[in-house]
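Only one structure is covered here, and it is reproduced in the block below.
The values are calculated or read from the model by the stated rules, or taken from the named source; none is laboratory data. As the structure is a computational prediction, the values presented were derived from the model and not from experiment. Please note: Cβ atoms are built from the backbone with ideal geometry, for glycine as well, and neighbour counts cover all protein chains shown. Accessible surface areas use protein heavy atoms only, side chains included; no ligands, DNA or RNA. Shrake-Rupley method; radii C 1.70, N 1.55, O 1.52, S 1.80 Å.
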Amino acid sequence: MSGGSLGIRSGSYGSLDKQGLNGVLPIQAASATRTKAYSKMLKEKETLIHWICKFAGRKKVGMLLLCVISAAVFVWVVYFGEDQENDNGSKVNDNLALNNPLINVVQSIRIDNWTSLAVSVKETKVGVMHPPPPSYFLGYTLPPGHPCNTFTLPPPPADKKRTGPRPCPVCYLPVEEAVALMPKVPSFSPVIKNLIYIFEENLNRETEFGGSDFGGYPTLKQRNDSYDIRESMNMHCGFVKGRKPGRGTGFDIYDSDLLEMEQCNGVVVASAIFGAFDVIQQPRNISEYSKQTVCFYMFVDEETEADLKGKYENNKIGVWRIVLVRDLPYTDGRRNGKIPKLLLHRLFPNARYSLWIDGKLELVADPYQILERFLWRKNATLAISRHYKRFDVFVEAEANKAAGKYDNASIDHQVEFYKREGLTPYSEAKHPITSDVPEGCVIIREHIPISNLFTCLWFNEVDRFTSRDQISFSTVRDKIAAKTNWTVNMFLDCERRNFVIQKYHKDVLALLAQRAPPVIYPSQRKVPPRRRRDRKSGARHHRKVSKEIV
């Protein structure tokens with residue numbers, strides 16, 4: 001900054017002072033006396049500046065002035081910024097208190113894990129600078145003495161006659177507390193920040209093995225590249241033939257339904273029934289708040305929709321919104337069901353959380369309680385129950401072959417492929433991983449890039465190999481964990497059975513109805529009348545025996 005500029009700025013301030021003394025605005029030209037005084041003062045200041053530059057040099061003077069100006073700006077920002085930050089903070093707290101009347105109930109819960117993001121508090125002469133709020137949800141800790149902190153599973157029942165899996169107790173928070181603890185910000189997504197889904201008009205069907213028009217026939221090289229996790233990735237994730245999922249892609253949905261699905265920006269509970277295979281189960285124990293805020297969607301094909309004709313109106317049956325899916329990409333109904341099961345983040349692009357349940361299950365707990373218990377409290381972004389009996393992929397594959405779940409040769413091919421990639425039998429050496437085999441009928445997840453990547457890759461394995469998703473689960477999980485240290489919360493199967501009840505498939509129900517004995521109502525029963533002589537003889541005999549006993 002030159003000396004002349006300083007003189008001009010000083011002159012401006014001088015004229016303002018003069019205005020204050022005279023009490024008039026500078027509308028007319030200045031007088032000769034004022035001009036002489038101004039020139040004299042300007043010369044004195046220029047002489048002082050030249051004297052400083054003579055001994056200190058122009059560069060050092062410039063740096064000195066820059067430091068002085070920076071210090072002044074810093075003090076001004078600290079002073080006024082502190083007042084503004086305090087005002088904003090009070091507004092946030094007021095908004096929370098107004099929007100959530102239950103905030104006083106849970107305000108004692110300590111957000112201990114957030115302290116890792118806090119910067120050191122800087123104290124100045126003006127005030128205290130508080131750390132900014134965290135950008136990501138990092139979990140919380142329930143307060144000491146909370147019942148869920150000391151909750152332990154009771155021992156299994158000693159009834160030997162009742163074998164097989166059964167539910168066990170789960171410590172849920174009340175719905176109000178669970179809603180109040182819903183994270184305000186998303187969880188952290190390690191490494192991957194942006195997913196771009198591949199769209200292809202002309203499909204190349206000449207690949208090494210497997211694939212479909214819906215999945216896009218990714219090559220073996222593309223598959224391997226998809227496990228090289230980077231900050232931004234292009235990848236196949238179903239719906240490759242159209243620019244928008246549900247429109248010209250296979251698994252097509254009416255635009256009115258797509259519009260409703262796009263407006264779901266909170267929690268979605270989804271299920272599907274294809275081939276009229278199951279009976280729609282209505283959720284129970286759902287709070288009024290969840291009925292108003294959670295999106296309940298049931299996907300059906302044309303056969304199921306025809307079976308439901310006359311049973312619903314305005315596209316709803318109970319809490320479920322019925323969505324008709326046309327142009328299904330697979331002939332196998334179970335494989336079609338994997339599309340909404342694993343790709344809900346594509347069908348509901350604005351949803352934050354989702355709960356998938358198979359069509360044969362009845363939901364008996366509130367969605368917010370389930371999310372709080374298995375995601376938020378565990379600081380997890382995807383949760384799934386482990387199989388109640390099998391923990392090893394090789395054992396699971398043999399069980400699928402024995403039950404005729406899929407073609408045996410295809411199962412063997414898939415297992416051998418994974419074995420060449422390094423799949424080993426499950427053992428305790430894999431701890432803290434507790435199982436390699438999930439019970440995949442329920443998936444709880446947060447829609448962030450890392451969990452979206454996982455379900456995309458999992459779907460690609462199902463599309464390429466067999467539809468038995470339990471076989472491919474651990475391979476996808478372990479490949480992602482090796483690159484990102486991210487993993488899945490695998491909880492007990494008995495805990496899953498606490499909030500969903502498994503029902504029979506429709507064909508099994510029909511079979512049981514045929515085998516069941518006919519129901520005879522009391523009015524239809526014919527009871528032969530007893531003879532009076534028999535009743536008397538019976539009475540005499542009874543009295544005679546009574547006397548002998550006495």
remark   = G215 neighbourhood, Cβ < 9 Å, K/R = +1, D/E = -1, net charge -1
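Report the antiparallel proportion of the DSSP beta bridges in the range 343-490 as a percent, rounded to a multiple of 5. Can you show the working numbers first?
Values: 9 of 11 bridges.
The antiparallel fraction comes to roughly 80 percent.
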ask   = Residues of the range 232-254 with amide nitrogen under 20 Å from the 7 Å Cα-to-Cβ point of D213?
value = 236-254
message = How large is the accessible surface of E201 in square angstrom, using a 1.4 angstrom probe and rounding to the nearest 10?
response = 130
key: Long-range amide H partners of E439 with built H, under 5 Å   = S385, R386, H387
query = Given a 1.4 Å probe and every protein chain left where it sits, what share in percent of the accessible area of the range 144-262 is carbon and sulfur?
reply = 53
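What does the accessible area per residue of the range 173-283 come to in Å², with a 1.4 Å probe and no ligands, DNA or RNA counted? Display every interim value, and only then the final one.
On the way: 5030 Å² over 111 residues.
It amounts to 45 Å² per residue over the range 173-283.
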ask   = Ignoring any ligand, DNA or RNA, what whole percent of the accessible area of the range 407-448 comes from carbon and sulfur when the probe is 1.4 angstrom?
value = 53
Per residue accessible area in Å² of the range 396-462, where ligands, DNA and RNA are left out and the probe is 1.4 Å = 39
Two-site FRET efficiency, H413 against E302, from Cβ-Cβ distance with R₀ of 45 Å, rounded to 0.05 = 0.85
ask   = Past the 27 Å Cα-Cα mark, which pairs from K291/K360; K244/K378; K311/K389; K193/K291?
value = K244/K378; K311/K389; K193/K291
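Set the Förster distance to 60 Å, then compute FRET efficiency between A481 and V508 from the Cβ-Cβ distance, nearest 0.05. Display every interim value, and only then the final one.
Details: r = 38 Å, r/R0 = 0.63.
It comes out at approximately 0.95.
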ask   = Out of every Cα pair in the range 225-337, what percent are spaced more than 24 Å from each other?
value = 35
task = Would you be so kind as to identify which of N400, W356, T381 lies farthest towards the positive end of the dipole of the range 352-423, taking Lys and Arg as +1 and Asp and Glu as -1 on Cβ and the Cα centre as origin?
result = T381
query = Ignoring ligands, DNA and RNA, what percent of the accessible area of the range 306-360 is carbon or sulfur (1.4 Å)?
reply = 40
